[in-house]
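This report refers to the structure that appears directly beneath it.
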Amino acid sequence: LLGTYGSELRMSVYVVGGFVRDLLLNIPNYDVDIVVEGTEEKAGIEFAKYVGRELNATVVPYEKFLTASIVFKDGYKIDIATARTEYYERPGELPQVDISTIKKDLYRRDFTINAMAIKLNPQEFGTLYDFFNCRKDLENGIIRVLHNLSFVEDPTRMIRGIRFEQRYNFRMEERTLELLKKNLEENYLERVSGARIRQEIEKILEEKEPIKAFRRMAELGVLKHVFPKTYYTSLMDEKLTRLFKYLPRFKERFQNINDFYAVSTILLEYYDRDTLEEMRKKYGYPKRFIESLKMTEGLILPLKAMIEERLHFSEIYKVLGKSTPYVYIHLSAYLDDASVDYLLRYIDALNTTKLDHVTGKYLVDTYGLKQGPVLNRILEELYSMKLDDPNLDERATVEKIVQ
Ligand code: CTP
């Protein structure tokens with residue numbers, strides 16, 4: 001249908017990039033990127049508007065980038081671009097855009113595996129456009145840049161390359177690897193905004209086995225340019241492996257867990273305050289998150305020991321209290337399966353336990369106590385005892401505490 005509309009407008013229409021890659025790999029991919037070749041720089045936007053009218057869908061144009069999104073009633077979205085050559089005024093910045101042909105459009109892309117197009121116009125429907133032997137690289141499992149300046153133009157491609165490599169079990173080609181290392185040493189990644197780097201890392205975290213990409217980032221030295229004080233030891237690898245394993249169980253219990261913050265509890269361990277502050281500014285961590293990292297630092301190992309010894313919840317409560325999810329997740333990276341079970345039982349106990357028969361008012365009325373720290377301590381003490389024994393007789397117990 002899109003191809004037919006293209007022909008009606010005398011434009012060539014192609015599906016490009018990741019969709020074509022995954023189609024040839026026989027992997028489902030619902031992200032359709034369309035490129036339109038026309039004589040006007042706004043061909044893509046014009047095409048999108050035409051399709052939008054024909055199919056009764058909403059069109060969101062991005063005039064500056066010569067692109068548009070077509071959003072259908074069911075929420076399904078297609079991105080449309082005009083064939084273009086991007087040129088970068090300075091490395092790491094967003095590209096300037098110029099119109100061009102499909103070949104040039106494909107040439108400016110990150111890797112050969114992402115640089116193929118399939119034509120959609122009826123006369124040529126299904127024709128694969130492969131100008132750079134991309135299909136061969138795809139078949140051989142090779143990640144290869146199209147030209148020497150690829151990482152200079154967009155240094156986040158260093159992270160993307162690793163992500164594709166690990167997702168498909170591909171290998172970075174020799175020259176590509178050399179360019180990556182060279183551009184890395186020339187600190188090109190440092191020119192990119194924290195937000196864009198964070199975005200790429202978040203994409204890694206959406207992969208099936210993110211740990212593989214972290215390993216590879218460490219191996220190639222990319223991690224050092226993103227988290228300068230992180231030393232990726234085998235111990236850290238073990239911690240991250242456990243963290244990824246247990247994370248889903250915390251997500252069952254807490255809403256809105258951010259994976260980037262979760263891994264950061266390990267990646268930012270033992271950072272000094274100044275560097276943490278730099279990281280906060282760069283990646284936009286909340287102040288509270290950084291504070292709690294610092295506060296937890298010395299508690300993790302004692303808590304690990306307490307949990308491994310299966311100390312009563314009341315004992316653990318005295319040290320851990322009711323914490324934020326990220327503290328629990330951080331701690332879980334140090335624990336074996338059975339200990340994580342115990343930690344989760346602790347968390348569940350906190351969530352289900354409340355005092356039913358003793359309140360502050362009860363203490364004031366019954367014992368003539370005044371509101372204040374003493375009264376609060378009594379309530380806390382009673383609460384922690386109830387964590388151990390859900391059937392605790394609250395009033396009888398408080399009687400003993402008060403005496
Ligand atoms: N692209 C690029 N350089 C980048 C980002 C993207 O050249 N830094 C190009 C690639 O051709 C890519 C396409 O834009 O295929 C779409 O990018 P994106 O949607 O980010 O990635 P996909 O290739 O679709 O990968 P994924 O499966 O992870 O969505």
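Annotations for the structure displayed:
- Annotation for L301 and K282: the two label points, set 7 Å from Cα along the Cα-Cβ direction, are 2.7 nm apart.
- At full extension, K245 and Y107 could sit 45.8 nm farther apart than now, given 0.36 nm per residue minus the alpha carbon distance.
- The chain, dipole about Cα centre (Lys/Arg Cβ +1, Asp/Glu Cβ -1), debye to the nearest 20: 300 debye
- Residues H147, H330 in ascending order of nearby Cβ atoms (within 10 Å, fewest first): H147, H330.
- Inter-label distance for A338 and K182, nm, one decimal - labels placed 7 Å from Cα along Cα-to-Cβ: 5.5 nm
- Size of the chain: Rg and Dmax of its alpha carbons, in Å, are 28.0, 92.
- Evaluating kT/(6 pi eta Rh) at 4 °C and 1.567 mPa s, with the Kirkwood radius of the range 198-240 over Cα pairs in the Stokes-Einstein relation, gives 122 µm² s⁻¹.
- Selection of chymotrypsin sites (Phe, Trp or Tyr not before Pro), the range 206-279, meeting DSSP coil and at most 15 other Cβ within 10 Å: Y231, F254, Y270
- The gain in end-to-end length when the L55 to E8 segment is fully stretched comes to 15.5 nm, 0.36 nm per residue minus the alpha carbon separation.
- In the range 1-67, the chymotrypsin sites (Phe, Trp or Tyr not before Pro) that fall in loop regions by DSSP, at most 13 other Cβ within 10 Å: Y30
- Calculated FRET value between L311 and N29, using beta carbons and R₀ = 35 Å, to 0.05: 0.10
- Distance between modelled label sites at N258 and T359, nm, 7 Å Cα→Cβ extension: 3.7 nm
- The range 219-298 shape via C-alpha gyration tensor axes, a/c threshold 1.5: oblate
- Qualifying GluC sites (Glu not before Pro) for the range 248-332 [loop in DSSP, other Cβ within 10 Å: at most 12]: E309
- Residue-averaged 222 nm ellipticity for the chain, from DSSP H runs of 4+ at -39500 (n - 2.57), nearest 500: -16000 deg cm²/dmol
- Extension gain (nm, one decimal) between E380 and K322, 0.36 nm per residue minus Cα-Cα: 19.7 nm
- The range 158-197 - Debye-derived log10 I(q)/I(0), Cα point model, q = 0.18, 0.19, 0.28 Å⁻¹: -0.56, -0.61, -0.98
- For the chain, with +1 on Lys and Arg beta carbons and -1 on Asp and Glu, the positive-most of T366, Y129, N114 along the dipole: T366
- When you count the other C-beta atoms within 10 angstrom of each residue and take the mean per peptide, 111-118, 218-225 line up highest first as 111-118, 218-225.
Where a number appears in this text, it was derived from the coordinates with a stated rule and is not lab data. Worth saying up front: this structure is predicted, and the values here are computed from it rather than measured. Glycine also receives a Cβ, built like all others from the backbone with ideal geometry; neighbour counts cover every protein chain displayed.
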